[in-house]
Amino acid sequence: MQKTITKYQSKFDRLMKSIQTDKTLKKMPGNATAGIAVQMIKDLKNYLRVNKKGNKESIIKVDRRSKNVAYITIGNWVVYVDNSTGEHIVESWVQ
């Protein structure tokens, strides 16, 4: 399972760097970039739910701090999504 998480973490990090430098996305209003990140997390969560074997504990935890701020934890990987200031901040790190 950790191998799958690491694989997707790497893909997510590359995609987020691409999103942050994309000129078209920078022009999009509101929560567009955050929406892309949230959809990616939903897709990953669905993939892992379908493919987990005998693990009753949820490996993805979403800690929603406010309407526009959330911490998403996948194993030991944390993704921070924040659009409270309209800056479309998405960061990730390993605990």
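The values are calculated or read from the model by the stated rules, or taken from the named source; none is laboratory data. Small disclaimer: the values here were computed from a predicted structure and weren't measured. With ideal geometry, Cβ positions are generated from the backbone for all residues, glycine too; neighbour counts draw on all protein chains shown.
Do we find that Glu91 is under 14 Å from the mean Cα position of the chain (by Cα), more than 17 Å from Lys3 (Cα to Cα) and at pLDDT 75 or above in this structure?
It is true that Glu91 is under 14 Å from the mean Cα position of the chain (by Cα), more than 17 Å from Lys3 (Cα to Cα) and at pLDDT 75 or above.
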Q) Gln39 versus (1) at pLDDT 70 or above; (2) surrounded by 11 or more Cβ atoms within 10 Å (Cβ to Cβ); (3) within 13 Å of the chain's Cα centre (by Cα): which is the lone unmet condition? A) (2)
Q | Every pair of residues 6+ apart whose Cβ atoms lie under 6 Å, when the first sits in the range 74-91 and is farther than 17 Å from Met40 by Cα while the second is part of a strand (DSSP E or B) | A | Asn76/Val94; Ser84/Val69
**Q.** Residues that are closer than 20 Å to Lys11 by Cα, among the hydrophobic types (A, V, I, L, M, F, W, C) and either loosely packed, with under 14 Cβ neighbours inside 10 Å or at pLDDT 85 or above (or both), drawn from the range 42-69
**A.** Val50, Val62
